[in-house]
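Single-structure report; data block below.
The values are calculated or read from the model by the stated rules, or taken from the named source; none is laboratory data. Keep in mind that this is a model prediction, so the values were computed, not measured. Here the Cβ positions follow ideal geometry from the backbone for every residue, glycine too, while neighbour counts run over all protein chains shown.
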Amino acid sequence: MSRRSFLKRSSFATLGILSSPMYSSAFSIGRNEDIIIGHNSYQYKVDMNWGNLDPTKTPVKDCHEMVQDSKGRLVMLTNHTKNNVIIYDKSGKLLETWGTNYPGGHGLTLLKENGEDFLLITDYERHQVIKTTIDGKVVFEIDFPSDKTKYPTKDEFKPTETTVLPNGDFYVADGYGNQFISHYNHKGELLNMFGGKGTDNNQFLNAHGICYDDRDPNNPCLLISARAQNVLKRFSLEGNYLSSIPVPGALICRPVIHKKDIYFAVLKSKEAPNEDSGFLLIMDENNKVVSCPGATVPRYEQGKLNQLYQSIRLFQYPHDVCVDDEENLYVAQWNSGQSYPIKLTRI
């Protein structure tokens with residue numbers, strides 16, 4: 001289906017979904033109006049045509065994650081092995097592609113060393129974490145953390161995300177495997193493991209994403225999304241559980257910090273009638289939800305966030321959100337008919 005056809009069908013579907021008492025409209029749709037989504041001061045104009053490429057030459061499968069590099073380019077990871085990494089400029093023009101060896105390419109993290117950009121890629125089919133240069137040269141590969149009790153075999157290690165500390169240490173979230181968080185030094189040597197599958201505070205169900213949170217420089221911590229539990233968990237850098245931030249109804253992917261805010265792609269709404277029921281979610285510096293582009297207005301009652309639902313059939317399965325230097329958003333989607341990212345221009 002073309003982007004134009006999809007958007008037309010989505011607009012008509014929205015009229016029906018917004019009439020349901022389960023949903024509240026964040027905006028109205030007019031025939032000649034731009035589509036604006038979001039709440040409060042976090043509102044965006046939708047561009048469905050950004051980054052569209054010739055799928056016979058530059059195909060995608062699942063568009064998993066995106067980052068912006070030091071040159072301002074948008075770097076996207078897909079699990080299509082003809083071109084695992086696709087690099088755009090901010091206008092959506094294709095600049096270059098590389099990568100044919102990442103069939104389970106999932107997590108993409110930018111790190112800088114001595115002024116040079118590098119990437120950390122998690123591949124859940126290869127059961128590895130791979131560090132590369134920005135143009136794809138492999139620096140090192142990390143295999144599963146062999147442990148008789150935690151990881152008897154490599155098949156139980158299916159990493160989904162990484163995050164990097166200022167000293168070069170990094171953490172790996174095993175969101176599709178045994179759910180442990182592994183801490184490595186900059187050389188790739190294992191220092192610690194914590195977490196694991198379970199429902200206790202210090203455990204996870206689908207530890208899908210992780211990021212380093214230094215918004216309070218005196219108390220840096222880790223933010224880890226327990227996607228199946230609809231919760232964001234805070235841990236110390238040593239792996240001790242600190243607290244949880246519930247996001248009822250929202251299956252959140254990785255947390256992305258930009259300035260003082262946290263951005264999430266929400267794969268789907270927990271109890272929505274349709275599976276392709278995703279949206280975006282934005283928290284402020286106090287970890288309060290202030291905007292949900294594509295979803296109901298975030299409301300708190302007696303200090304608790306009301307359950308969130310998709311309110312427009314715009315996104316399918318959003319998997320990551322990249323915030324550029326102008327605070328525009330780029331949304332990469334999983335299982336979305338091999339579609340390219342959607343751009344949201346902040347207004």
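Descriptive notes on the structure:
- Qualifying residue in the stretch 101-110 (condition: more than 26 Å from K158 (Cβ to Cβ) and in a strand (DSSP E or B)): no
- Taken over the stretch 157-167, residues that are out of contact with any strand residue (DSSP E or B) (no Cβ under 7 Å at 6 or more places or on another chain), surrounded by fewer than 19 Cβ atoms within 10 Å (Cβ to Cβ) and not polar (S, T, N, Q) amount to 1.
- Some residue of the stretch 174-197 being of a type in the set (D, E), buried (at least 22 other Cβ atoms within 10 Å of the Cβ) and outside any strand (DSSP E or B): yes
- Of residues in the stretch 203-220 being of a type outside the set (F, W, Y) and in contact with a Ser or Thr (Cβ under 6 Å, 6 or more places away or on another chain), the one nearest to P166 (Cα to Cα): C211
- A search for C-beta distances below 6 Å between a residue of the stretch 210-230 that is closer than 15 Å to I245 by Cβ and any residue that is surrounded by 15 or more Cβ atoms within 10 Å (Cβ to Cβ) and among the aromatic types (F, W, Y), counting only pairs 6+ apart in sequence or on different chains, returns I210/Y171; L222/F235; A226/F204.
- Taking (1) farther than 15 Å from D320 by Cβ; (2) in contact with a strand residue (DSSP E or B) (Cβ under 8 Å, 6 or more places away or on another chain) in turn, I252 satisfies each apart from (1).
- Among the residues of the stretch 132-150, just one is assigned to a strand (DSSP E or B) and surrounded by 21 or more Cβ atoms within 10 Å (Cβ to Cβ), namely I142.
- Scope the stretch 332-347; condition among the aliphatic types (A, V, I, L, M) and either modelled with pLDDT under 95 or part of a loop (DSSP other than H, G, I, E, B) (or both); matching residues: I347
- Residue in the stretch 208-216 that is touching a Lys or Arg at 6+ places or on another chain (Cβ under 8 Å) and at positive phi present: no
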